[in-house]
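What follows draws every value from the coordinates through simple rules; no lab data is involved. Quick caveat, the model's predicted, so the values are computed rather than measured. Using ideal geometry, Cβ is built from the backbone for each residue, glycine included, and neighbour counts are taken over all protein chains shown.
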Amino acid sequence: MLPILGGVFLFLLLPLLIVIAMMAGSLAALGGDGQCVPIAGGEVGKPFGYPTKEHGIEQGWDNGNPKHTGLDYKVAAGTAVLAAADGRVVSVDGDWVKIQHDEGVQTWYEFLQSKKVHVGDKVKRGDEIGKSGSGDEGKPGISGDHLHFELRALMNGGNQFDPIDPTDQVGDAAPDPNSGGCGCGNGSGGPLIGTNNQQKAFNFFASNGYSKEQAAGIVGNMIHESGVEPARKQGSPPGSVTHPSDVVGYSGGWGIVQWTPAGKMITPSMEQGADDNKIESLEFQLSFLKQQLDGEGPVPEGDAGQQVKKAKTVEDAAVAFGRYFERFLGSDNLSNARYSQRKTAAKEVLQTFGGGAGGSTGGAGGCAGAGNGDIVATARSLAWDTLGQHPGVAKGDAKPEYQNAMPKYNGATTYTPYTDCGVFVATVMVMSGVDKEYFRRGTPSQRDYVRGSPKYQVFDNLNSVSELQPGDIFVNNSHTFIYTGNYKGGDGRTYNSVSASLGSRVPQASNAYFVLNGDHFSVARIKK
Ligand SMILES: [Zn+2]
């Protein structure tokens, strides 16, 4: 029943997989080195789920002679059999069901006594596809009631799916990064999202338990305190940098909220082992402030946090933060002009980043950062803003924000996943919250996906940039990228897109074009 493979062939499996993945312009959801997918917070996810609720394996993969080319789960006949990953049913034959997950990957399930699916059905990870039954494999496989499960990959010129050891590929999924609201996860180590510090700070608070109005109220104050410049010393001009160790004894203010005296924030941070670089980073200061507002840490300001959280409007939030946290000179007087300045700034922040005018695409922007509904802002936050200056293909070559986001929102692990164009586009779509269902990898499948999804309007014959809208997704069978509208890159050149390219560049600035390899791009646009 199971093909006998030569030992040498097995050694070739993974390199071949890589080659196939490159040829297909897509990547399988396999950890090529058998590693799981790390996600923020230290939790891990496996690319394939358990095929039954019982997780104990009676007989594992065996490379001996004879072989056992899958995993045997000893479950009573009639136990639900579950799809190991999202995909499409490609074969229901005898007691087998086979599901296609990507260009080159299938899972096979054997000894089903009944089937719930038909060829062509789309399934989700964990969906029941039928009931297990009974069978005799001969050793080393087992006999009697059980489920035989295989993971297979397309080999040898694309004609044959051969078995791969699934042992390290099966397990619990990574938690849904979008569950429970916005889930930007900055509090648990995710990237700050935004094209400037104002937006990053806004998204940080809007993703950490504050309403958009409250987040904007906080940032409106920061704008007047420091311009949201974390290394700014009181009285110094915009853009100036004063390092923590140079200002720790200063009696005036320093940092995004102008902690006063400067040592109020710097000293306890140094005592906890943070160095200058860390203390003057936006990430660190936002986390420090959040901790204060939570009423925790070395300098708690829990009352200020409570007052801000009571605010229903952006104006009230701006006043609450100024009055109870900043406590600037004259803050007792609520008609102090400084309040109206802060309210104005806060309203602008809300309007710009709160899903109103700032949202280029889709969604009401009910949530910021991850889930901000903004394809362009999310894409640009994950991509270098120049073309050609970051030619590497390793994780470390990608922008730090993308190094964090890709595993969390996509989970691709095989050959140079940080340069895979489809993985990049899918990461943006999932992370922005615009389309959490977006097909995770493989440009042909992604093209099929947008064409088949009611969420998208798809144009197959656009030829002019003037017909495009920011947030449009270009996809053909070998490449995909996101059109952003014009922006000035870090090198002063004008770009209008962001893209990655498998095996050659991590996400970065680029420009749109309409045909590649004789294949005209489809342009997918989220329907309003
Ligand atoms: Zn078996």
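Quick notes on this structure:
- Reciprocal mean inverse distance between Cα atoms of region 203-336 - Kirkwood radius, Å: 14.8 Å
- As a calculated quantity, the FRET efficiency between Glu271 and Lys309 at R0 = 41 Å, using C-beta atoms, amounts to about 0.90.
- Under 5 Å, built H, 5+ apart or other chain: amide partners of Tyr456: Lys527
- Taking 0.36 nm per residue of separation and subtracting the Cα-Cα distance, full extension of the segment from Asn517 to Ser245 would add 92.3 nm.
- Listed pairs Lys115/Lys436; Lys343/Lys488; Lys46/Lys436 exceeding 25 Å between Cα atoms: Lys115/Lys436; Lys343/Lys488
- Residues whose amide H comes within less than 5 Å of that of Gly295, counting only those at least five positions distant or on another chain, are Glu301, Gly302 (H built at 1.01 Å from N in the peptide plane).
- With the convex hull drawn over the C-alpha atoms of region 71-169, the volume per residue is 100 Å³.
- Region 375-526: relative contact order in percent, alpha carbon pairs under 8 Å with at least 6 residues between: 30 percent
- Under 11 Å, Cβ to Cβ, from Val119 - net charge with Lys/Arg +1 and Asp/Glu -1: +1
- Inter-label distance, Asn333 to Glu437: 5.9 nm, where each label sits 7 Å from its Cα along the C-beta direction.
- Around the amide H of Leu82, modelled in the peptide plane, lie the amide H atoms of Thr52, Ile129, all under 5 Å away and 5 or more residues distant in sequence or on another chain.
- Start at zero, step by 10 Å, and the Cα-Cα distances of region 375-526 spread as 13, 47, 35, 5 percent across the bins.
- Inter-site label distance for Lys527 and Arg493 at 7 Å from Cα along Cβ, in nm: 3.8 nm
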